[in-house]
Structures are given as C-alpha cells and as structure tokens.
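Report on the following structure.
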Amino acid sequence: MIGELIADRYELEDRLGSGGMSTVRRATDRVLERTVAVKVLAEHLSDDEKFVARFRREALAVAKLVHPNIVQIYDTGVDRGRHFIVMEYVEGRSGAQLLQSQGTLKPVISVEIAAQSCSGLEYAHKQGIVHRDVKPGNLLIIGGPAGGDSEMTVKIADFGIARAAEQTRLTQVGSVVGTAAYLSPEQSRGDEATPVSDVYSLGVVTYQLLTGRLPYEGNSLAELAMRRENERPLPPSSYDADIPEALSAAVLKALESDPADRYSDAIDLAGGLRKGLSGIAPVGSEAATRVVDRRPTGPTRVAAGANPPTPAAPVPAAAPRPRRRPTPAPLAAPQRAASRSERGRSGFSRLMRVVGGLLLMALIAGIVALVILLATDAGQSTGISEYIESEINDQLDSLIDFVRDRME
C-alpha cells in the first residue's frame, strides 16, 4: 500500500512490476533520503523456510556484486513475515517493455544492449554467480531507445532468486524456474546451469530484440526441447534485410544446443556480436565462408601506380622447316613393363602369404596330433595313430596340390 513502511525505513510508493514470485515497488529510503526499489516476496514463498534460507544467502552473495551493468542490492530482511530486498532504483524501461512498444530494435542498439549485458554477466560469473534467468524483463535500460538519449546503460536485475528457487519443493519434475523460452537446453533437462547457459539465454534475448520473435516457440518445455533437437532457428537476417548476415551467424552460434559449440563465455559473445555487426562472421559459420568479392578477375592485375609491362618486340617469322615424324616417348614401354613386373611381384607375394598360412595350419594340426598322442593313451592304439597319420598326410597332399595349381 502507498505510504506503508517496510522495516520502519522504506516508504512504499507506486508499483513498478509484479510476478508470481514477488512485487516490486518504488520506495523512499528515509535514512539515506534516496529513491530505491523494494522487492517483496510473495506470501507462499515466505512460508517456505528452505526457500527463504537460500534466498537470503543468494541475496547476500549478490549484494557483493558492484558493477555498472548490475542492479545493486542495498539491503534485505523480513518485516511482519514478509521478506524483502532493497535495490538500486533504475529509471528506465525493461527490454520486455521496449519490445512491447517498438516491436524490434535496430541491430546497433540490440548489439549494444547485449554487449553491456555480457559485461555484467562476465563480472558475476567470475564471482561464481550464474544468473539462470536472463530474459528481456530482467534487462533494465536507461537512455537510448528507452529515454531518447544517445547514451545508454543496461543493468541486469534479479540475480539470485532463480538459484534460490531451483532446489526447493516448488521445482517439480519436468519444470524449471524461469521463463521456458529463454532457458538453455541443459536447464530444460534439469542439469546445473553454467555461465554458458547464461550465454544461450542472452542469445535468445538478442534474437528477439532483432526480430521481435523467439527462435523456438512452444507451449511446454517438452515441446521446446523437441524443437531444439529437430529444428534450427531461421537466421535473424531472414526477417530483416538490414540485419547483417555475419551478425545473424553470431547470434545463431550463441544458440547452439551443445554448450561446447557456443561462445566460451560472455565476453566472447560480446566480441562475436560486435564483429558480426561490422560484417565479420564467426569462424566456421556459413556466412564466414561466403566469397565477399564476386567480381570477375583476370589472371593478373597491375598494382596501382606501377608501370605497365612493356610489350615485347614482334619476332620475325622463321623460315619453314621440313616436317619430321614425331619420335615416340622412350619411357612408355619400360613403364608398362615395370607395371607388369610390379603386378607379378604383387601376385607372387599374395601367393606366398597363402602358402605360408596353409603351412602354418598343417603345422598346427601336426602339433595338436602329437600332443594328443603324448598326453593320452591314444598313442597306444594303432587305429587312432593310423587315423591321425592319415589326416596329416591328407593335409600335406592338399597343400602340395594347391601350390601346384597356383604355380602353373
């Protein structure tokens, strides 16, 4: 309610936004006499002791993040059963509000928003904190398209809440806290979020800023997962010819399903987007392999400022000479002979390998027979001895016949 005090210090004013987890209000800090934003958690979350404990730990961790592209947290506490966070007040509009009012943003503006977001994310990642819920509503924009000012500042909001909610009873099987369309494939599978998960989410945001559309749409996480597995998003340049193809390729690289195929970190993504805006596509992408200069060229070109080559003086025609019969190449016949010789050696080599194999088989058969004779009483039996001897002789006769057939 307007005029209500939180912790006998923060006087609540008009509402800035609300969602399923919290309500954000503008407020006045009576102690420091400055405008702040107060986020009050929903009542059903305040009743979850595990969530509250994690939420407070995350709020304390995020409060240590001091960066121009991250919304600063000033205070946190509980008042009459309501848990709250006091944050820096950002007088601007969110990315979601800009999309709602303008539909799309120019490539240069979209890249600048993404690049500044990358700066804040990289700083948080180095502190061991992953956002987990990067989306247009959590990017607050001051100036630029939001305020008509040439200078623009982007601040990322809502660090900590997504992580606190991930491991509570609120997270059911098959669902993940956050807006499904912006979740990375690994988050949708329930895996642990990593810095490259934030890279994917920011890639989705950049795609939407450029085109006004999401790369994948679906009514459930399962449908989104199926589309990610079986489809590839259309390049942003297919929606707007003013979007450089190199920039399209950079955005699509951030949207790769395999984390190893994406940009390695947020700073790498920012560099890829800026290069894409200037026409330099990521290495290995389709746009990077296209030929830029398609103009026909001659076999040689004269460098600018160089003296053109002096044409050679015409050579007088020589007197006709009697025609002679061409001499056959002397190496042709020896080459053919050598080829036949090599084929002969190759065939003989194969034959010897076959013979060697058969001899080895006969030798093994003889050894086996000898072992049987020595190790058993079979050697005492004339019938068995004669049978084994007959078998060995048959094997040798077959080997001799085989060799004779091949040698003829």
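Read-outs throughout are calculated quantities, based only on the coordinates presented, and are distinct from any laboratory measurement. Values in this document were obtained by computation on a predicted structure and should not be read as measured data. Using ideal geometry, Cβ is built from the backbone for each residue, glycine included, and neighbour counts are taken over all protein chains shown.
Note down the net charge around Thr28, summing +1 for each Lys or Arg and -1 for each Asp or Glu among other residues with Cβ under 15 Å from its Cβ. Let's see the in-between values first.
Working: positive: Arg9, Arg15, Arg25, Arg26, Arg30, Arg34; negative: Glu4, Asp8, Glu11, Glu13, Asp14, Asp29, Glu33, Asp75, Glu88, Glu91.
Residues close to Thr28 contribute a combined charge of -4.
With a point put 7 Å past each Cα toward its Cβ, work out how far Asn230 is from Ala181 in nm, to one decimal.
2.1 nm
Eigenvalues of the Cα gyration tensor times 5, then square-rooted: what semi-axes does that give for region 29-86, in whole angstrom, largest first? Intermediate values should be presented prior to the final figure.
Values: eigenvalues 89, 47, 14 Å².
So the three semi-axes of region 29-86 are 21, 15, 8 Å.
Given R₀ = 41 Å, FRET efficiency for Thr194-Ala241 by Cβ-Cβ distance, to 0.05?
Details: r = 35 Å, r/R0 = 0.86.
FRET efficiency, Thr194 to Ala241: 0.70.
Taking region 91-288 as the region of interest, what is the percent of Cα-Cα pairs per 5 angstrom bin, listed from the shortest bin to the one with the maximum distance?
1, 8, 17, 21, 22, 17, 9, 4, 1, 0
Going by average Cβ neighbours within 10 Å, how do the peptides 112-120, 2-10, 69-77 rank, with the highest at the top?
Numbers: 112-120: 23.8, 2-10: 14.0, 69-77: 19.2.
In descending order of packing, they fall as 112-120, 69-77, 2-10.
Explain nothing, just compute: Karplus ³J(HN,Hα) = 6.51 cos²θ - 1.76 cosθ + 1.60, θ = phi - 60°, for every residue of region 15-23 in order, whole Hz, x for Gly and Pro.
7, 9, x, 7, x, x, 9, 6, 10
With each pseudo-label sitting 7 Å past Cα toward Cβ, what's the Ser220-Glu91 distance in nm, one decimal?
4.7 nm
Below 10 angstrom from the Cβ of Lys106, what's the summed charge of the other residues (Lys, Arg +1; Asp, Glu -1)? If you can, show how the numbers build up before the last one.
Numbers: positive: none; negative: Glu112, Asp240, Asp242.
Taking every other residue near Lys106 into account, the sum is -3.
Using 0.36 nm times the number of residues separating Arg30 and Asp258, minus their current alpha carbon distance, what extension gain do you get?
Details: separation 228, 0.36 × 228 = 82.08 nm, distance 4.96 nm.
Working it through step by step, the gained length comes to 77.1 nm.
What FRET efficiency comes out for Gln102 versus Glu43 if R0 is 41 angstrom and r is the Cβ-Cβ distance? Round to the nearest 0.05.
Result of the calculation: an efficiency of 0.70.
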